[in-house]
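Have a look at the structure below, then the notes.
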Amino acid sequence: MALLEVENLHIAVGSGGKLLPVVQGVSFCVDENETLGIVGESGCGKSLTSLAIMGLLGDSTVRITGGSIRFDGMDLLTLSAPERRAIMGNRMAMIFQEPMTSLNPVYRIGDQIAESIRQHQQISRSAARDRAVELLTLVRIPNPSERVDSFPHQMSGGQRQRVMIAMALSCDPKLLIADEPTTALDVTVQKEVLELMADLQDRMGTAIVLISHDLGVIAETCDKVAVMYRGKIAEAAATADLFAELAHPYTRGLLNSIPVVDRDVEWLEAIPGRVPTLEETLTGCAFHPRCALATDFCASRAPETSQFKPNHSVQCHFAGGSTT
Amino acid sequence: MNIINFLRNAFAGRKLATVGFIWLCFILLAAIFAPLIAPFDPLEIDPVGRLAEPGLPNLFGTDHFGRDTFSRAIYGARMTVIIGVGSVVVALVCGGLIGMLSAYFTRLGHFLMRGVDVLMAFPALLMALVLITLLERSVFNTILVIGIVYATTTARILYGMTLKLKGEVFVDAAVCSGAGHSSILFRHILPNLVSPLLVQASFIFAFAQLQAAALDFLGLGLPPEVPSWGNMLSEERIYVTRAPWLLIYPGLLIVLSVFSMNLVGDALRDSIDPRFKDDIAGV
Amino acid sequence: MLAYTAKRLLTLIPTLLAATILVFLFVHLIPGDPAAILLGDTATPEEVAQLSAELGFDRPLWIQYFLWLGNVLQGDLGTSIFFREPVTAVIGSGAETSILLASMTMVWIIILGLPIGVLSATKHGTWIDQITSSGAMLAASVPTFWLGLYLIMIFSVTLGWFPSSGFPSLSDEGGITNLRYLILPSLTLAAPNAALIVRLVRASMLDVAREDHVRTARAKGLHPARVAIKHVFRNALIAVAAAFGFTFAALISEAVVTETVFSLPGIGRLVVQSILRRDYPVIQGVILVIVVLYMVINLLVDLAYARLDPRVSLK
C-alpha cells in the first residue's frame, strides 16, 4: 500500500453563503522514498491540495467537501484534531514558499527547531538543542553550533529555507510536503536546496510531494508528475513517460513557455488567454477556452480521466493530438 | 475614488456602524433645526420649575435653574457639531499642510517634523490646558485648542502617507510631464489621501468630543452659559442624587455620539487602501 | 543594547531642550510683566522689581532662558503664588497620589486589557469577539468623569463599598488599606485605556495571525492555544508595547480629570487648580515635570520594544 493516497479530493471556498469548488476530484498516491511533483499555474489548487494533506486548511472559509486522504494506513479526514496534530510536524512535515517570512522573527532558530522536536518527543531542552545543531549540520549550515543562536533576520533566504528543512526533518518524517520551496530563492541557491532535498531523501527514505509552477524543477527532481489545471489533474505519469510524450495540450503549452538553453528559438510560446476565475462557470473541459484543439464537443462535455499509456493518465478528448 | 461607492462599501454588512451613521445624521439634523425642534428656549430660567422630573412638558426634566434639559440637549447637538467639525478642520488643514509639505520638501520637513515631535511630547489634554490658560474661554478658542492638539498627530500621519505616495510611479510621471510642485501635491497626491483623511477626520471628531467634554467639566472649556453636553454635566453634577436624569441624558448623548463616530471611523478604516491602514491610530 | 540605549538618550536631548524652551516661553506668552505674573496679584512693586532683577527679565530673552534652565537643573522651579512654597515641594506633595494612581491603573489595564484582547482575537468572528471588541470601543467612548461620577453613585453612595473622594497618604493612619481610596479612581482611569489596549491587542494579533510563520508554527503540530500565545500574542506584543507610550500619555491627561472627580490630592488636580488660581509658576513646573516624565517613559517603551523585537536592537 502507498504511503499517501489521495482519492477524489474536493475542496471548496465559501464566500457569501455559496461554495466555489477549487479542487475537484483530485487523486494520486506517493510511495516511500518517492517524489511526486505537482505542477500548475497559480490558482490551480495545488497549494490548497498540499495544505489539505497537511491539515492546515484551518480557515473556516476553505473546507474539504469530499474524498479521502489516507496516510500510513490512517484516514486523515476522520481523525480528531489532537490526533491530527500528533502527525503534523512529526511523521508528516511541510516547508513553505516564503523562507523570508516563514520563521518567527522573535525567536532564535535553534529554539524554533527545538520547539518542533519537543512537541513530539520527550527529550530535555539541552538534548533538543544538540539535536538542532545536528540538524543544522545536516542541512549544511556553516558553523551550526553558533548559528543555532541566530535570529532569522541574521540569515539569508537560502539559509532560512535550510533551517525550514531542518525543522521539517526534526522528527524524521515519512512524508515531506514542499510547497514551492525554491521559488523565492536565487537560481544558484535554488539548485543547492533542491540537491539538498534529494540528498536527504536518499539518506532517510522520505517521500516528498513537491509543489511547483516550474516544469523544469519538476523534471529534474521528481519520480512522477501530476499536472493540475483549475482544480483537476489534467495529466499524470512517471516523469520520464510524461516528457517522452506529452498527452495534454495544457502540458505542452507549459513546456513550450519555458526557455531552453540548447535550442535557439525566436519566440516563446505563451498559452493564450488566462486562467478563468473561480466565479466564472465553465461547461465542458476547463481548458477549452484556451486550447487550440478545442471543438464544440470540448465546450459541452468534460473529459473523464483516461489511460493514455500504461501508468499515464490524462483528461482530454484529444489526448496526444498535435497543437499545430 | 468615488466617495459614494467608498461609503457604500464601508458600511456593507456592518449593522452597528450603519446604526451609528444614522444616529450621527440625526445629531446633524438636530443641530441644524435646533430652534424648530426645541420646545423651549435653552437659556430661559424658571425659578419655580427647578429640578422638575422628566415628563410633560419637560421631556428630560429641568436643571437647577429650571431650564428645559431637552431643549438644552438639542442645542447641545449644535455645539457638538460645531466643535467636532471645527476641530477637524483646524487639525486637518494645519496638520495636513505641515505633514504634506514636510514630506514633499524634505529639507523643510526635517525642521518642521522636529517641531511636531516636540509638540507631541506634551500629552493631549495637558497641551490643551496649557493653551487654554493663555486664551479666554470661548467656542472659537476651544475649537482652536483641540484642533491644534490633533494637528500634531495629523501632521505625523500625513507625513508618512505622503512619503509613501511620493515614491510612487505616478508622481514620477507627473514630474516628468512638467507638473509644478503645487500641482503634484494637490492634484496628484492629495486626491489619493482623501479617504484616509476621512477616516482620520472621524477619529478626530470622536476624540474632540471627549476632550471638549473634559475641558467643560474642568471649567476650562466653553463659557458656562453655552448649552453643551459637557457643560450640562459639569454644572449639574452636584445635583446628581436629587436629579439623576440631569447626568444621564447628556452623558448618554456624548457616549452614543462618540461611539457612533468611532464605529464609522472603524468601518471606513477597514475599507481604505491597506497601505495606509496602519498609519491611522484610532480606537 | 547599551549602545542602543545611549543612542536613544542622545536623540532625546534636542527634543527635551526644545520642550524646555516652550515651557519657558509659556510665562512670556501671557500678557503682562512676567515678574508680576510669577508673583501674583498681591505682589508689591518692590517684590516685582526684585524678582525681575533676580531672573534677569531686563536682559535678553535667551539669557533669561539660560538663567531659568540653570535654576531648573539645580532643582529650583520657582515659588508658588498660592502656597508661598517652592514649586518642587508643591509638586512633591502630589507625587505619591499620582504615582500610586498611575501604577494601579496600569495594573488594571494589563490584567483587563491583555486577556480580553487575546480572547477577542482568538474568538475572531464569533459573538464573543463582537461583544468584546464593540464593548471595548464603547468603553473608549465614555467620558472618564461621567464614568467616575456613576461609579461614585453606585459603589460609594448606594453600596458604600469604597470611599468616594480624597486619599490619605499610605503613611497616615490606615496604612496600606488606604489604597481602597484609589480603587474607583484607578478603575475609572483604566476603563478607556484598557479598552484601547483590547482593540490594539486584537488588531495586532489578527495581523500577526495572517503571517507565514504562524502557519509554520501550526505545521509543527502545536496546540492552538500555544500557537496563539507563544507565536501570535508574543509577536503582537511588539506593536502593543509601541503603543504603551501613547497609553501613558493618555493616562497623564485623563488623570487630570479623574483626580478632579475624586478630589484626589495628586498632580493632575494641582494642574487644574493652579490654572483656575492663575498660579503660573506651578503650572510651568508641573508641565515641565510631566513632559520630562513622558519623554523618559517613551524612552523606556522604546527600550522595551527593542527587547521584544530582536530586529531593532541589533540594527
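Taken together, the values in this text are just the output of simple stated rules run on the coordinates, not laboratory data. The structure displayed is predicted, hence computed values, not measured ones. Backbone-built Cβ (ideal geometry, glycine too); neighbour counts: all protein chains shown.
Could you tell me the ratio Rg/Rh of chain C? Both radii from Cα atoms, Rh via Kirkwood.
Numbers: Rg = 23.6 Å, Rh = 22.3 Å.
Taking Rg over the Kirkwood Rh, I get 1.06.
The Cα trace of the range B:28-101 gives Rg and Dmax of 17.3, 59 Å, the first to one decimal, the second as a whole number.
Counting Lys and Arg as +1 and Asp and Glu as -1, each charge on the Cβ, what is the dipole of chain A about the Cα centre in debye, to the nearest 20?
On the way: 28 positive and 39 negative charges, 164 e Å.
Charge dipole of chain A: 780 debye, to the nearest 20.
When chain B is treated as a Gaussian network with alpha carbon springs shorter than 10 Å, the biggest mean-square fluctuation among B:Phe205, B:Phe105, B:Phe21 belongs to B:Phe105.
Principal-axis analysis of the Cα atoms of chain B puts helix B:190-217 at an angle of about 30° to the longest axis.
Do you know the relative contact order of the range C:16-73, to the nearest whole percent, from alpha carbon pairs under 8 angstrom that are 6+ apart? Present the calculation step by step, with values, prior to reporting the outcome.
Working: 26 pairs, mean separation 16.4, N = 58.
Rounded, it is 28 percent for the range C:16-73.
Counting Cβ atoms of other protein chains within 10 Å of each residue's Cβ and taking the mean over peptide A:98-110 gives 5. Largest GNM mean-square fluctuation across A:Ala270, A:Ala93, A:Ala237, computed for chain A with C-alpha springs under 10 Å, falls on A:Ala270.
For a footprinting-style exposure proxy, rank C:Arg311, C:Arg199, C:Arg210 by other Cβ within 10 Å, fewest first. Write out the running numbers ahead of the final one.
Working: C:Arg311 14, C:Arg199 24, C:Arg210 9.
Ranking C:Arg311, C:Arg199, C:Arg210 by Cβ neighbours within 10 Å, fewest first, gives C:Arg210, C:Arg311, C:Arg199.
With the biggest extent put first, the Cα atoms of the range C:243-315 measure 50, 25, 14 Å across the principal axes. Only one residue of B:Ile272, B:Leu126, A:Leu242 has its Cα farthest out toward the positive end of the dipole of the protein assembly as shown, where Lys and Arg carry +1 and Asp and Glu -1 on Cβ, and that residue is A:Leu242. The ranking of B:Trp23, B:Trp229, C:Trp161 by Cβ neighbour count inside 10 Å, starting from the fewest, reads C:Trp161, B:Trp23, B:Trp229.
Write down the Kirkwood hydrodynamic radius of the range C:139-221, to one decimal in angstroms, obtained as one divided by the mean of 1/r over all alpha carbon pairs. Intermediate results must be reported in sequence, preceding the final value.
Details: mean 1/r = 0.0633 Å⁻¹.
Value: 15.8 Å, from the Cα pair sum.
The distance separating the Cα centre of the range C:1-44 from that of the range A:166-188 comes to 59 Å.
Sorted fewest first by neighbouring Cβ atoms within 10 angstrom, B:Leu125, C:Leu61 come out as C:Leu61, B:Leu125. For the options B:Leu222, B:Leu97, B:Leu135, a Gaussian network treatment of chain B with springs between C-alpha atoms closer than 10 Å singles out B:Leu135 as fluctuating the most. Relative contact order for chain A: 20 percent, from Cα pairs under 8 Å spaced at least 6 residues apart, divided by residue count. Centre-to-centre separation between the Cα atoms of the range B:215-283 and those of the range B:67-83: 13 Å.
The alpha-carbon of C:Lys123 sits under 27 angstrom from the alpha-carbons of these lysines, leaving out residues fewer than 8 places away in its chain: A:Lys18, B:Lys15, B:Lys277, C:Lys220, C:Lys230.
Give the relative contact order (percent, whole number) for the range C:96-308; include only Cα pairs under 8 Å separated by 6+ residues. Intermediate results must be reported in sequence, preceding the final value.
Working: 238 pairs, mean separation 55.5, N = 213.
Computed value for the range C:96-308: 26 percent relative contact order.
Of the DSSP H helices in chain A, those with a Cα length along their own long axis of 24 Å or more and a mean Kyte-Doolittle hydropathy reaching -1.0 comprise A:187-204.
What Kirkwood hydrodynamic radius, in Å, does chain B give when the mean of 1/r is taken over all pairs of distinct Cα atoms and then inverted?
Details: mean 1/r = 0.0491 Å⁻¹.
The answer is 20.4 Å.
Look at the Cα gyration tensor of the range B:70-176: its axes a ≥ b ≥ c give a/c of at least 1.5 with a/b at or below b/c, and that counts as oblate. The value obtained for the range C:16-73, namely the Cα convex hull volume divided by the number of residues, is 79 Å³ per residue. Residue by residue, the range B:6-11 carries 3J(HN,Hα) couplings of 4, 5, 4, 4, 4, 9 Hz when phi is fed to the Karplus relation 6.51 cos²θ - 1.76 cosθ + 1.60 (θ = phi - 60°); x denotes Gly or Pro. Could you point to the residue in A:Ile95, C:Leu264, A:Ile271 farthest towards the positive end of the protein assembly as shown's charge dipole, with +1 and -1 charges on the Cβ of Lys/Arg and Asp/Glu respectively? With unit charges placed on the Cβ atoms, the residue in question is A:Ile95. Annotation: amide H of A:Ser150 within the under-5 Å range of A:Ile109, A:Gly110, sequence separation 5 or more or interchain, hydrogens built in the peptide plane.
Our coupling estimate for the range A:212-226, obtained by passing each phi through the Karplus curve with A = 6.51, B = -1.76, C = 1.60 and θ = phi - 60°, is 7, 9, 10, 4, x, 4, 4, 4, 6, 10, 9, 7, 9, 10, 10 Hz, Gly and Pro reported as x. Between the residues C:Val157, C:Met104, C:Phe167, the greatest Cα displacement towards the positive end of the dipole of the range C:96-308, with unit charges on the Cβ of Lys, Arg, Asp and Glu, is found for C:Met104. The angle separating the long axis of helix B:69-90 from the principal Cα axis of greatest extent in chain B is about 20 degrees.
So which GluC sites (Glu not before Pro) in the range B:198-280 are both in a DSSP loop and have at most 15 other Cβ atoms within 10 Å of their Cβ? Walk me through the intermediate numbers first.
Working: sites: B:Glu225, B:Glu235, B:Glu236; in loops: B:Glu225.
Those satisfying the criteria are B:Glu225.
Centroid-to-centroid, using Cα positions, the range C:170-195 and the range A:25-46 are 63 Å apart. The H on the amide N of A:Thr65, modeled in the peptide plane, is under 5 Å from the matching H of A:His10, A:Ile11, A:Ala12, each at least 5 residues off or on a different chain. For B:Leu222, the amide hydrogen comes within under 5 Å of the amide hydrogens of B:Asp216, counting only partners 5 or more places away or on other chains and with H modelled in the peptide plane. A Stokes-Einstein calculation at 4 °C with viscosity 1.567 mPa s, built on the Kirkwood radius of the protein assembly as shown over Cα pairs, returns a diffusion coefficient of 40 µm²/s.
If I require 30 Å or longer along the helix axis, counting alpha carbons, and a Kyte-Doolittle average no lower than 1.0, what helices from chain C are left? Use full DSSP H segments. Display every interim value, and only then the final one.
Working: long enough: C:2-29 (40 Å, 1.68); C:87-108 (31 Å, 1.30); C:183-209 (36 Å, 1.32); C:234-261 (38 Å, 1.35); C:280-308 (41 Å, 1.89).
Sorted by number, the helices that extend far enough and score high enough are C:2-29, C:87-108, C:183-209, C:234-261, C:280-308.
With the helix formula -39500 (n - 2.57) applied to DSSP H stretches of n ≥ 4, the protein assembly as shown reaches a computed 222 nm mean residue ellipticity of -17500 deg cm²/dmol.
Write down Rg/Rh for chain A, rounded to two decimals, with Rg from the C-alpha atoms and Rh from the Kirkwood relation over Cα pairs.
On the way: Rg = 20.6 Å, Rh = 20.9 Å.
Here the Rg-to-Rh quotient is 0.99.
What does the average come to when, for each residue of peptide C:13-21, you count the partner chain Cβ atoms lying within 10 Å of its Cβ? Don't jump to the answer; show the numbers that get you there.
Values: counts 0, 3, 5, 2, 1, 6, 6, 1, 1.
Partner Cβ neighbours, averaged per residue: 3.
What the phi angles of the range B:236-250 give under the Karplus curve with 6.51, -1.76 and 1.60, with θ = phi - 60°, is a coupling list of 9, 5, 6, 9, 4, 6, 7, 9, x, 4, 5, 9, 5, 5, x Hz, glycine and proline written as x.
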